Amino acid sequence: MAKIDAFFKLMNEQKASDLHLVSGQPPALRINGEMERVKYHVLDDDGLKGMLYEIAPEDKVKVFEETGDVDFGYEIPGLARYRANFFMQKNGVAAVFREIPSTILTAEQLGLPPVIPKLALLPRGLVVVTGPTGSGKSTTLASIIDVANKNRKDHIITIEDPIEFVHQSQSCIVNHREVGLHTKSFSAALRGALREDPDIILVGEMRDLETISLAIEAASTGHLVFGTLHTSSAAKTVDRIIEVFPSSEQAQVRSTLSDGIRAIIAQVLFRRIDKGGRCAALEILIATPAVRNLIREAKTYQIPSMVQTGKKYGMQLLDDAIMEMCTKRMISPDEAYAKANDKSKFRPLLKNPPTDFTEA
């Protein structure tokens, strides 16, 4: 057993999402979104480096020493998988590990709206899940892919950096590919995937022009494509995708995207106050003909009002979802205010509303 595995067992016992190991500091766990120190001595650079190198593949150690940071996956059979990131900082080496649960939770167990699992049964198109780092995008996507795996007879390819949730082939054939290990880049894997007879493609991160372009192309040529971005709303997601392209190509991209897009989910995680754990508030945009028209005509600023009037299709605004959780006393008004898009709606819920410089 590797020396570091004891920290992973503690992490699992404490139901922590992340483990932070930093030279010059004691270890820390992120529990329900907040950092908590572990009662342990201050880690020194040599000791921590030895601990980390014990579990890292040789090629990843080489990349780390050449570049100063590296990502890879680590698994303890019977416990969990971990997404590992090593990086150099002022006092030496540091690492962050995100626990990937071995059990894939259903949409019902996650408390997701009923429209979310239905996205797994779409015949084609692009579905984008967005939100800040650590907002549960991978967990939501895993639940959707799980529905497809159980209910369709198709070929699913996932492209991730590193592989997170592992799906055992059920009614579908599932192939997992890891960037850096099984393929050179997201774009190279996507280009290859189009020749690998896929029905569903999961792109772990749409991080550059080429990857986004290939994802849109795949969605437009009869594949169902799921991807992630780091944006805070459905409208901003559309703008972000289009703004990646040169201005001379944006009109064409708007047209192609409007045809290919099927849904955008923007989510934020909250610490629960009614019981332990966390819960997600979701903004859901379903690409109706009216929504496609707004994208095509560059009127994305009208998308929020379209979401508000599209409740019968399963659409909802993020702030409405946050307000509902706040009304049910699942989350605190202070956190609701901090993470809402339109903070003015939540000010009346606060005992001592702050002077918010972000609204100036």
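The values are calculated or read from the model by the stated rules, or taken from the named source; none is laboratory data. Computed from a predicted structure; not experimentally measured. Positions of Cβ are generated from backbone atoms using ideal geometry, with glycine treated the same way; all protein chains shown enter the neighbour counts.
Structure notes:
- Filter result for Ser169 (of a type in the set (Gly, Ala, Ser), out of contact with any Ser or Thr (no Cβ under 8 Å at 6 or more places or on another chain), outside any helix (DSSP H, G or I) and over 30 Å from Arg271 (Cα atoms)): yes
- If the condition is being modelled with pLDDT of 95 or more and within 15 Å of Lys137 (Cα to Cα), then the stretch 156-178 contributes Thr158, Ile159.
- Residue match in the stretch 109-121 (condition: in the same structural domain as Phe270 (by TED's automatic domain parsing) and either over 23 Å from Leu318 (Cα atoms) or among the charged types (D, E, K, R) (or both)): yes
- Test for Arg278: is it more than 22 Å from Thr221 (Cα to Cα) and among the basic types (Lys, Arg): yes
- Residue match in the stretch 137-151 (condition: assigned to a loop (DSSP other than H, G, I, E, B) and not hydroxyl-bearing (Ser, Thr, Tyr)): no
- Qualifying residue in the stretch 93-116 (condition: touching a residue at least 24 places away in the same chain (Cβ under 8 Å), among the basic types (Lys, Arg) and over 30 Å from Glu217 (Cβ atoms)): yes
- Residue in the stretch 187-197 that is within 21 Å of the chain's Cα centre (by Cα) and either among the β-branched types (Val, Ile, Thr) or part of a strand (DSSP E or B) (or both) present: no
- Test result for Gly78, at positive phi, of a type outside the set (A, V, I, L, M, F, W, C) and either under 19 Å from the mean Cα position of the chain (by Cα) or modelled with pLDDT of 95 or more (or both): no
- Some residue of the stretch 81-97 being in contact with a helix residue (DSSP H, G or I) (Cβ under 7 Å, 6 or more places away or on another chain), small (Gly, Ala, Ser), surrounded by 18 or more Cβ atoms within 10 Å (Cβ to Cβ) and at positive phi: no
Every residue, every condition in (1) in contact (Cβ under 8 Å) with a residue 40 or more places away in the chain; (2) touching a Lys or Arg at 6+ places or on another chain (Cβ under 7 Å); (3) more than 30 Å from Asp342 (Cβ to Cβ), yes or no:
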{"residue": "Leu194", "(1), (2), (3)": "no, no, yes"}
{"residue": "Ile201", "(1), (2), (3)": "yes, no, yes"}
{"residue": "Gly204", "(1), (2), (3)": "yes, no, yes"}
{"residue": "Ile212", "(1), (2), (3)": "no, no, no"}
{"residue": "Glu249", "(1), (2), (3)": "no, no, yes"}
{"residue": "Thr256", "(1), (2), (3)": "yes, no, yes"}
{"residue": "Ala263", "(1), (2), (3)": "yes, no, no"}
{"residue": "Ile303", "(1), (2), (3)": "yes, no, no"}
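- Residues (without any contact (Cβ under 8 Å) to a residue 24 or more places away in the chain, among the charged types (D, E, K, R) and surrounded by 16 or more Cβ atoms within 10 Å (Cβ to Cβ)) located in the stretch 63-80: none
- Within the stretch 299-326, the set of residues being of a type in the set (D, E, K, R), in a helix (DSSP H, G or I) and surrounded by fewer than 20 Cβ atoms within 10 Å (Cβ to Cβ) comprises Lys311, Lys312, Asp320, Glu324.
- Residues of the stretch 52-62 that are touching a residue at least 40 places away in the same chain (Cβ under 8 Å) and either in contact with a His (Cβ under 8 Å, 6 or more places away or on another chain) or surrounded by fewer than 18 Cβ atoms within 10 Å (Cβ to Cβ) (or both): Glu54 alone.
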